[in-house]
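Enquirer: The structure under discussion is supplied below as structure tokens; questions concerning it will follow.
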Amino acid sequence: MCQKSEGGFLQLNKLSKYAVDSIPRENRHMTYWDMFATWVGANANNGTWFVGGIIAACGFWGGIKALIIASSISYIFLGLIGYMGYKTGVTTMALSRASFGIRGSIIPSLVNLTQFIGWTAVNTFIAATSMSYILHTLLGWPVFGHPGGNLGLIVGITVMSALHLLSIAAGQKSIQLIERIGIILVIIFVIWESIIVFRDVSFTQITHWRVPNVAKMKFGSAIDTLAAFNLAWVTAGADFTRFTNKSQTATTAPFLGASVGVFWFAFIGLTATISIAITSGVYDPNNSDPSTIANRLGLGLIAMVVIVLTSMTANAVNLQAAGSALKNMFNQLSLRQSLLIVTILATIVTFIPVIYGSFLDTFTAFLDYVGMVLGPIISIMIVDYYFIAKQRYNINELGNGSGKYWYHGGVQWLSFGLWLFGVGLYWLLQQVAWIQTYTGATFVVMVVVGAIYYVIKMMEAQHAN
């Protein structure tokens with residue numbers, strides 16, 4: 001009896017140590033509009049605007065083509081991950097335990113943690129730049145980028161981080177409220193800016209603008225840039241769709257919401273950047289951030305305030321995803337504790353461009369990192385759920401330290417090895433001129449890794465039989 005009790009106690013410890021939270025259907029109250037607004041708000045932000053300015057280096061039509069292709073493919077993956085969250089009620093990182101192993105899921109979780117802290121820092125930095133313009137208007141402080149301008153930026157970062165902490169302390173309902181208010185402000189702001197842009201420069205002038213040869217971006221490079229930007233949201237999908245009780249809400253709402261947000265705001269960033277290049281005679285992607293553009297268009301103080309608020313709508317999603325990843329790594333933490341920790345870390349990371357000296361260079365390096373590490377993870381997870389498991393995961397086993405998803409020492413080494421292979425393949429393909437000119441490396445790597453995973457798993461299944 002003593003041995004059985006001790007064994008039972010150890011098994012209970014193992015189960016509680018790796019336990020996952022699954023939201024029951026009766027406790028899911030996120031509506032289609034809530035889900036749609038969440039994903040519009042996630043993309044209707046400063047980072048999307050800035051990316052639009054970067055892909056202006058492909059010219060108007062080249063940028064639009066890359067935007068449609070990369071975003072549409074990425075958000076199909078978002079809908080697929082969203083459905084997994086709806087079916088299981090658990091977060092994306094908890095789902096990764098089935099394909100990477102309970103301990104092995106630390107790899108996707110670490111990637112998710114770093115990239116969403118990074119995205120929070122990106123949006124916070126751009127919002128803090130807007131805060132420096134606000135402080136310049138109200139108090140006469142130098143604008144960031146001018147001598148003494150770092151003070152306004154530092155105050156802006158501090159204020160934004162405080163607002164993030166307040167929204168986290170208020171809980172999930174405050175996040176939904178931020179999204180609902182934010183989307184209304186975003187709609188008004190984008191219409192306002194569109195009027196200003198096309199008042200000064202015609203659509204024909206924008207479409208016929210030619211990129212200076214020294215600044216041209218290859219089409220494949222634009223695909224990789226946009227893929228990294230859009231795929232970043234995919235690993236947050238189930239974190240939100242697990243609160244839905246209809247499959248349509250979990251699949252089409254994220255796809256449509258994220259697509260509307262990215263097409264809308266990247267289009268504005270693209271056209272506004274080209275507009276300024278035409279009127280000033282200089283194209284400089286360093287000046288593609290919303291604050292600089294809004295200032296050059298003469299939009300004033302209200303525009304800067306709206307930019308700050310739209311940062312909060314995007315970062316509500318970023319911080320939720322980063323917090324979920326941290327909780328998957330350290331199960332003893334509550335979700336609120338995890339959110340507080342990632343918010344503090346994001347605040348620290350936001351200062352990197354100040355030290356490094358160039359926001360554009362830092363942002364570009366960050367996108368390279370995201371594209372390289374994220375694609376293989378998403379590919380493995382989707383192939384495993386839809387083609388290997390046939391949409392049937394045992395939710396109880398996701399938290400069982402000696403069960404089906406424990407594999408070998410808690411890790412499915414096949415997934416880990418293929419992830420490393422995918423990272424290396426991405427780096428190699430980026431050196432190939434044809435890839436960078438036409439397709440980009442990201443989606444090619446995802447197809448190759450997914451196909452290899454499927455073939456090996458099917459061979460394992462046949463061998464087992």
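Each reported figure results from applying straightforward, stated rules to the coordinates on display, with no laboratory input. As the structure is a prediction and not an experimental result, all values here were calculated from the model. Ideal geometry is used to build each Cβ from the backbone, glycine not excepted, and the neighbour counts take in all protein chains shown.
Enquirer: Just name one of Ser247, Val197, Leu339: the one whose Cα is farthest towards the positive end of the charge dipole of the chain (beta-carbon charges, Lys/Arg +1, Asp/Glu -1).
Expert: Ser247
Enquirer: Using the per-residue mean of other Cβ atoms lying within 10 Å as a proxy for protection, in what order, highest first, do the peptides 274-282, 363-371 fall?
Expert: 363-371, 274-282
Enquirer: Then there's this: Find the centroid of the Cα atoms in the stretch 213-269 and in the stretch 95-110, then give the distance between the two in whole Å.
Expert: About 23 Å separates the Cα centre of the stretch 213-269 from the one of the stretch 95-110.
Enquirer: So how far apart, in nm, are the two label points at Asp361 and Ser402 if each is 7 Å from Cα heading toward Cβ?
Expert: 5.5
Enquirer: Tabulate in residue order the Karplus-calculated ³J(HN,Hα) for the stretch 393-408, using 6.51 cos²θ - 1.76 cosθ + 1.60 with θ = phi - 60°, rounded to whole Hz; enter x for Gly and Pro.
Expert: So the Karplus estimates, Gly and Pro as x, are 10, 7, 5, 5, 6, 4, x, 8, x, 9, x, 4, 9, 7, 6, 10 Hz.
Enquirer: Which entries of Lys404/Lys457; Lys87/Lys327; Lys65/Lys218 have Cα-Cα distances beyond 19 Å here?
Expert: Lys87/Lys327
Enquirer: Apply the membrane-span-like helix rule to the chain: whole DSSP H runs, Cα extent along the own long axis of at least 27 Å, mean Kyte-Doolittle hydropathy at least 0.0. List the helices found.
Expert: 60-88, 106-139, 150-170, 172-200, 247-280, 300-329, 359-383, 442-464
Enquirer: Could you compute the FRET efficiency for Ile188 and Ala461, with r as their C-beta to C-beta distance and R0 at 51 Å, rounded to 0.05?
Expert: For R0 = 51 Å, the calculated efficiency reads 0.40.
Enquirer: So, in nm, how far is label Arg25 from label Val354 when the simple model puts each one 7 Å beyond its Cα toward the Cβ?
Expert: Using points 7 Å along Cα→Cβ, the separation is 5.1 nm.
Enquirer: Further, regarding this structure: Exposure proxy check: His136, His164, His463, His29 ranked by fewest other beta carbons within 10 Å?
Expert: His463, His29, His136, His164
Enquirer: By counting other Cβ atoms within 10 Å of each Cβ, how are Thr347, Thr439 ranked from fewest to most?
Expert: So the residues, fewest neighbours to most, are Thr439, Thr347.
Enquirer: Enter the Cα centre distance for the pair the stretch 405-444 and the stretch 310-376, rounded to the nearest angstrom.
Expert: So the separation of the two Cα centres works out to 22 Å.
Enquirer: Also, quick follow-up: Under the rule a/c < 1.5 gives rounded, and otherwise a/b versus b/c splits prolate from oblate, where does the stretch 346-465 land using the Cα gyration tensor?
Expert: Oblate, because a/c is 1.5 or more while a/b does not exceed b/c.
Enquirer: When the dipole is taken about the Cα centre of the chain, and only Lys, Arg (+1) and Asp, Glu (-1) are charged at their Cβ, what size is it in debye, to the nearest 20?
Expert: Using only the charged Cβ atoms, the result is roughly 900 debye.
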